[in-house]
Amino acid sequence: MRISMVSEHASPLATLGGVDAGGQNVHVAALSRELAARGHTVTVFTRREDATLPDRVELCPGVEVVHVDAGPPERISKDELLPFMDVFADHLVEHWREETPDVVHSHFWMSGLAAEGAVRRLPRPVPVVHTFHALGTVKRRHQGLEDTSPAERAVLEPMVGTAADVVIATCSDEAFELKAMGVDTSHISVVPCGVDLDLFSPEGPTEPRGPKHRIMTVGRLVQRKGVGLTISALRQLVDEGRDDVELVVLGGSRPPGQVDEDADVQRLRTHARALGVEHLVTFRGQIRQADLPAALRSADVVVCAPWYEPFGIVPLEAMATGTPVVAAAVGGLIDSVVDGVTGVHVPPRDAEAIASALGALLDDPARLRRLGLAGHARTVSRYSWQRVARDTESVYDQLTGARSARSRRRKEAHS
Ligand code: UDP
């Protein structure tokens, strides 16, 4: 198949960890690679964020990234990109008239808008599969007036959902949200995100560490990721008499040498200082994916305490390296982390519950080991990108009739 991915703000080539660069970038890159490994040709259309970027870049054999001129060629918050989506759609039409894809897969609501707008202008129908990655309804529910999404999102997002031939929900919680948004359940398929099991595995180097129990968080440091809650939990652990713990925070918008300039680090440091635990917290800044497994292996436990989470790849990465997860029971973490088996679920926005879970786990190394082993086994059995690509391909096949055409050809060849 010729597959066109549309990912307006999240380039598969981006550096991860900043405000708008996380799971979606990883998802688009890994899914495209695996689809190419299965013999498909993938083109990823993403907005040009830098004037010096070439028009086309090969991500790997079979996957090409096309930089689309839509808006100024500089980094712009995704919440300010809506005005450029018409131009983005014009470019898609131009590309797709020259070479029409068999299937279009859009990522995030604005890409869906551009993709569906473009497909309507093509001479022949092309199916559109859409993955939201995050839903405006959920964001608004949790962030209220702090949600900086454009007001139009509330109207346009459901339109994207109902217009797509299939919406891929990355977890069961999202499927319920989509239904509530008006998407017909017969048009929803659940396919989770995955984890790179070659990179994230229990075997391999471990970062050196001191004698303290190491608690770790990884990811963007935006408020809803809940790193502040883990800092509050640390205070409670200290109050309970533990002076044998440290918190290592990976991620943020700055690389290691410039961590102090990150506004989110400043906010979290102020919080830690106010609680008197600043000396127990280390902010490391952005970390390359390649360096992450050794860091994760050095942790006793990884805390993922978001207010809400569309999917959450970090818990999978932790489990894949054999590190147990304390996770808020929200969104994708309800499916990926199994309470009492691969980690511990805590209620959202509950620092006390995080502290109790951590305290109990750190006192029980045998249980930590059991949870770690089970987490690794779960990622291997369910969350390889190979499996995600296979399941996504099945969705494409249903829409394009590719499977029936393939089996027809096979039958003809045998007769
Ligand atoms: N990530 C990274 N370096 C960082 C911070 C994050 O490589 O400094 C990666 C992380 O390993 C994961 C992704 O970014 O693969 C974050 O995805 P997730 O779904 O957990 O969160 P999102 O950012 O999409 O909300």
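The values are calculated or read from the model by the stated rules, or taken from the named source; none is laboratory data. All values derive from a computational prediction rather than experimental measurement. Cβ sites come from the backbone with ideal geometry, for glycine too, and all protein chains shown count toward neighbours. These area figures cover heavy atoms from the full protein model, side chains too; ligands, DNA and RNA do not enter into them. Shrake-Rupley method; radii C 1.70, N 1.55, O 1.52, S 1.80 Å.
Structure notes:
- Yes/no for G117 being surrounded by 14 or more Cβ atoms within 10 Å (Cβ to Cβ) and out of contact with any His (no Cβ under 8 Å at 6 or more places or on another chain): yes
- Exactly one residue out of R254, R267 is in contact with an Asp or Glu (Cβ under 8 Å, 6 or more places away or on another chain) and in the same structural domain as T321 (by TED's automatic domain parsing), and it is R254.
- Residue list for the range 280-302, restricted to those being within 13 Å of the ligand (Cβ to nearest atom), closer than 30 Å to E146 by Cα and in contact with a strand residue (DSSP E or B) (Cβ under 7 Å, 6 or more places away or on another chain): F283, R284, Q286, I287, V302
- Search result, residues across the range 303-345 that are open to solvent by less than 10 Å² (accessible area, probe 1.4 Å), farther than 19 Å from D196 by Cα and either away from the ligand (no atom under 13 Å from the Cβ) or among the basic types (K, R) (or both): V326, G343
- Residue check for D239: open to solvent by 10 Å² or more (accessible area, probe 1.4 Å), more than 16 Å from the ligand (Cβ to nearest atom) and not small (G, A, S): yes
- Output for the range 242-258, where each listed residue is within 16 Å of the ligand (Cβ to nearest atom) and more than 14 Å from T217 (Cβ to Cβ): S253, R254, P255, P256, G257, Q258
- Within the range 147-175, the only residue that satisfies the criterion of being open to solvent by 80 Å² or more (accessible area, probe 1.4 Å) and within 16 Å of the ligand (Cβ to nearest atom) is T148.
- Residue match in the range 312-320 (condition: under 15 Å from R214 (Cα atoms) and either assigned to a loop (DSSP other than H, G, I, E, B) or within 17 Å of the chain's Cα centre (by Cα) (or both)): yes
- Subset of the range 346-364 (residues that are of a type outside the set (G, A, S) and either within 20 Å of R378 (Cα to Cα) or buried (at least 24 other Cβ atoms within 10 Å of the Cβ) (or both)): V346, I354, L358, L361
- Of the numbered criteria (1) over 30 Å from R382 (Cα atoms); (2) modelled with pLDDT of 95 or more; (3) open to solvent by 10 Å² or more (accessible area, probe 1.4 Å), the one D300 fails is (1).
- Scope the range 266-284; condition more than 24 Å from the chain's Cα centre (by Cα) and not polar (S, T, N, Q); matching residues: R269, H271, A272, R273, A274, L275, G276, V277, E278, H279, L280, V281
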